[in-house]
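Student: Starting off with a structure, shown below.
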Amino acid sequence: MNEQQSFPGIEGQINVYDEAQLRSIEARRIFEAEEGYMPWMDDYWRLIAEGWTWKKAVYMLWAALPKDKRKPKTQNELAVQVLGLTTDRRIHDWKQNPAMDAAIAILAKSALLKHRPEIYAALIESASNPDSRSHADRKLALEMLGDYMPRQSIRLGAEIVDGGEAELSIEELRAIEAGPETTNGG
């Protein structure tokens, strides 16, 4: 059986088992050429520098997006249309990697961190508005600054202890948790 085949644009013969690798190389070339202007490409290159393969980096960026913002819409379409895979089966295997889950969570959070200045500016604008509708933003801003501590309650057994009124000793908390004293007589 002949395992060698010619491919256009490639000198000489190559092993037909390398076809998947050629598909991957071409898919990466297309992705990087077409998506090179996207703002999240900095995250893509950072993931590559961290040692992730290009396919895993693209998948993680896609997975970190809100579902309604993903293009292509489905995981299978991403696998076939962008990553050069024949199915999304390999992606299912990747999902078992806890490090990948952690990286996706960081990517999702980084989108929020990139807008931190705008978020703070909006909080400042709203919190400094004397209108009563801005009360929640004022409260949040003061909590963030450490100028306001909300009252907190602790549930111990059936009783609620209000942490804002008095500090209780460990013994007092244990007594509350234990409930009313019981007698051996029934």
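Student: Taking the criterion of being of a type in the set (Asp, Glu) and either closer than 13 Å to residue 59 by Cα or in contact with a strand residue (DSSP E or B) (Cβ under 6 Å, 6 or more places away or on another chain) (or both), would at least one residue in region 86-96 satisfy it? Reasoning before the result, please.
Tutor: So in region 86-96, the residues of a type in the set (Asp, Glu) come out as 88, 93.
Pick out the ones that are also either closer than 13 Å to residue 59 by Cα or in contact with a strand residue (DSSP E or B) (Cβ under 6 Å, 6 or more places away or on another chain) (or both) and you get 88, 93.
Yes: region 86-96 contains one or more residues that are of a type in the set (Asp, Glu) and either closer than 13 Å to residue 59 by Cα or in contact with a strand residue (DSSP E or B) (Cβ under 6 Å, 6 or more places away or on another chain) (or both).
Student: Shifting gears a bit: Inspect all residues belonging to region 110-122 and state whether any of them is modelled with pLDDT under 90, under 20 Å from the mean Cα position of the chain (by Cα) and among the basic types (Lys, Arg).
Tutor: Yes.
Student: A follow-up question, please. Starting from residues that are of a type in the set (Val, Ile, Thr) and crowded, with 20+ Cβ neighbours inside 10 Å, keep the ones in region 39-88 and report whichever is modelled with the lowest pLDDT. Walk me through how you get there before you give the answer.
Tutor: So in region 39-88, the residues of a type in the set (Val, Ile, Thr) come out as 48, 53, 58, 74, 80, 82, 86-87.
Then keep just the ones that are crowded, with 20+ Cβ neighbours inside 10 Å; that gives 58, 82.
Values: 58: 95, 82: 92.
If we take residues in region 39-88 being of a type in the set (Val, Ile, Thr) and crowded, with 20+ Cβ neighbours inside 10 Å, then 82 is modelled with the lowest pLDDT.
The values are calculated or read from the model by the stated rules, or taken from the named source; none is laboratory data. Predicted, not measured: the structure shown is a model, and the values here were computed from it. Quick reminder, even Gly has a Cβ in these numbers, built from the backbone with ideal geometry, and neighbours come from all protein chains shown.
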